[in-house]
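Structure first, commentary second.
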Amino acid sequence: MVFAVMVVLLASFELIRLKIGDYFEATLREQYAQQFQLAEERDVERLAAYSNEVINNTSNPRLSAALFEEDLSQFYHDLSQEMKSFYLSLDERHNASGARPFFRFVRHDGVCLKPPKFESSLLGILSPFEESKLEPLLSGLRTTEDEMPSARSGFLVADFKGEPILLKAFVFPFFDAFNMFMGDLILVMPWQSAEGGGKETMGAVAVAGEVFDAQGRVRSKEWEPLSRVLAIPGKEEGDRRVRLGNRGYLVFSEVLNMDDRFPEAERAILFSTNEQERLLVGIRNVFLVFGFAGFVGSLFLSNLLAGGLNAPVLRLTDAANQIGAGDFTTRVQVTSRDELGQLGNAFNEMAEGLELKERYKAVLSKVADTKVAARLMQGEVNLGGESVRATVMFCDVRGFTRMTDGMDPHKVIEIMNIHMTAMTEIVHQYGGVVDKFVGDEIMVLFGVPVPGEDDVGQALRCAKAMIARCHEMNADREPPIFIGIGLAHGEMVAGCMGSEDRLNYTVLGDRVNLASRLCSQAKSMEIVVDEAIRDATDLDIPDSERQTVELKGFETAPPFYIIK
């Protein structure tokens, strides 16, 4: 009897230890996912800084004139001079492999313009690769005739000193003084991960069947377990576990390069799990020690404890099995203050934490706005979508590109964060829901997911307050910010949309498209509304001020009114 009771007790301890381990691992996965997101944000900021530097330093008309006259010697000479300071900063950050960054120009017809031999040694022009092998690699990255020229980037693999090396290529459209597209200026540099190459955190990229470390060196053979889970066609991206040598790692990855001109690449961040494993082993040993101590003690106290242990332990075992089956609402009844009572309280606290985590994971990770989150938790939102009458607002900064041209990227982000914070405060003041931020544009909903008494009027008052707030802030800030706002009201579909593992509550419909187009029509500090907004509010706008314009996506020109 004593032996049977202790076996049940030890089994209960083991089940609890496993659940604690699962909870710890889930928490650790969330923390690692946040670090991965922060690393991606740092990369976006770095790419934006490169783009601004290149665009600003290639605006000299001499460069386009040299290209027009097909004077490649003069073009590459002037390019080297214009990009000197930028190139030196790149060279300091990307010289670990011995390969140096360099520029090449690809004409609009796909011809890669090689620098003359006497110019190929210029700073930023010298290439460590043979031009005959470089030309087909870069020519395929050109902007085609049927697409709008835009900056893009991706990974390339080239042979360097007898083995593959990972390169990062940035493609920038090049225009002449008359804004005519002439071709693409391509910056090629050896890749280096921002996460470094330590043992606790490592960066890696898989391209063309090869795995490269944080310094861009090929490590496919040494990291063969990692090679089996990265860059495999049909393999789902996500988080996985691998062992490299005597260390375990949790791998977070995502597939990059949606542009098919670049080879498919999968970027990964590896976080060491050794500390977690040591802690779990320690927890197991503690349980084993307590279990053994309890077994020894039970030999002397079996007559006293037999009746008091059997029922609580069986209840605890049954509850642990239900937790193991996924029922996190299970609780045990605590009837004493002894060790079993303390164990029951600890079990209940663990179950509450697991239940709360599951609820946050299922609801809060899919939405950002607090109103939408509250409705989802109450089960009052149709996840499949529902037809609603609502008002949509788009607010966009006018002349944003011109205003931020040449500005430090960190300063741009600071200015936009202050502006968006002020606009968001006004939106919440008037009962609106921020749907999303897209660059310098904000999309706002009124009437969903919670309808109000006067959503159309609140939307119009909100737009006016946003204009007034911009005027007020412009008195104390430099440069000033001017906005344009478009409003539309009518039938649309609202619901959670996106992928299977990531959803966003938003709205779709022609009224949404109309609001976006009206925002584009609005000039500085203007509000443009559709006819439904005018009819539903007390706007004193005569029919004589009714305007129409051909808008993309609409068969007939929709009417609109301008509020200055």
Placing +1 on the Cβ of each Lys and Arg and -1 on the Cβ of each Asp and Glu in the stretch 370-563, which of 462, 416, 488 has its Cα farthest towards the positive end of the resulting dipole? 416
Residue by residue through the stretch 333-343, which ³J(HN,Hα) values in whole Hz follow from phi under the Karplus form 6.51 cos²θ - 1.76 cosθ + 1.60 (θ = phi - 60°), with glycine and proline marked x? 7, 9, 10, 9, 10, 7, 4, 5, x, 5, 5
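Order by neighbour count: 464, 523, fewest other Cβ atoms within 10 Å first, most last. Show your work: numbers first, answer last.
Values: 464 14, 523 11.
With the fewest neighbours first, 464, 523 line up as 523, 464.
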Can you list, bin by bin at 5 Å, the percent of alpha carbon pairs in the stretch 401-485, starting at 0? 3, 13, 25, 22, 17, 10, 6, 3, 1, 0
Taking Rh as the Kirkwood radius computed over C-alpha pairs, what is the Stokes-Einstein D of the stretch 116-158 at 25 °C in a medium of viscosity 0.890 mPa s, expressed in µm² per second? 193 µm²/s
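Which of the pairs 84/114; 436/464; 411/464; 168/411; 411/436 have their Cα atoms more than 24 Å apart in this structure? Show your work: numbers first, answer last.
Working: 84/114 19 Å; 436/464 20 Å; 411/464 27 Å; 168/411 26 Å; 411/436 22 Å.
Violating the 24 Å Cα-Cα cut-off are 411/464; 168/411.
How high is the FRET efficiency from residue 222 to residue 150, r the C-beta distance, R0 41 Å, rounded to 0.05?
Numbers: r = 38 Å, r/R0 = 0.92.
The computed FRET efficiency comes out at 0.60.
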Which FRET efficiency value, to the nearest 0.05, is calculated for residue 547 and residue 247 with the Förster distance at 60 angstrom and r the Cβ-Cβ distance? 0.35
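Excluding residue 152 itself, calculate the net charge of residues whose Cβ lies under 12 Å from the Cβ of residue 152, where each Lys or Arg counts +1 and each Asp or Glu counts -1.
Numbers: positive: 142, 168, 261; negative: 147, 184, 259, 260.
Overall, the nearby charge balance is -1.
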Rounded to 0.05, the calculated FRET efficiency for the beta carbons of residue 107 and residue 322 at R₀ = 60 Å is 0.30
Among 462, 496, what is the fewest-to-most ranking by other Cβ atoms within 10 Å? 496, 462
What translational D, rounded to a whole number of µm²/s, comes out for the stretch 58-190 from Stokes-Einstein when the hydrodynamic radius is the Kirkwood one over Cα pairs, at 37 °C and 0.692 mPa s? 217 µm²/s
Just for the Cα atoms in the stretch 370-563, what are the lengths along the principal axes, largest first, rounded to whole Å? 46, 46, 30
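Every read-out reported here was derived from the displayed coordinates using simple, explicitly stated rules and does not represent laboratory data. Keep in mind that what you see is a predicted model, and the values were worked out from it rather than measured. Every residue, glycine among them, receives a Cβ derived from its backbone with ideal geometry; neighbour counts consider all protein chains shown.
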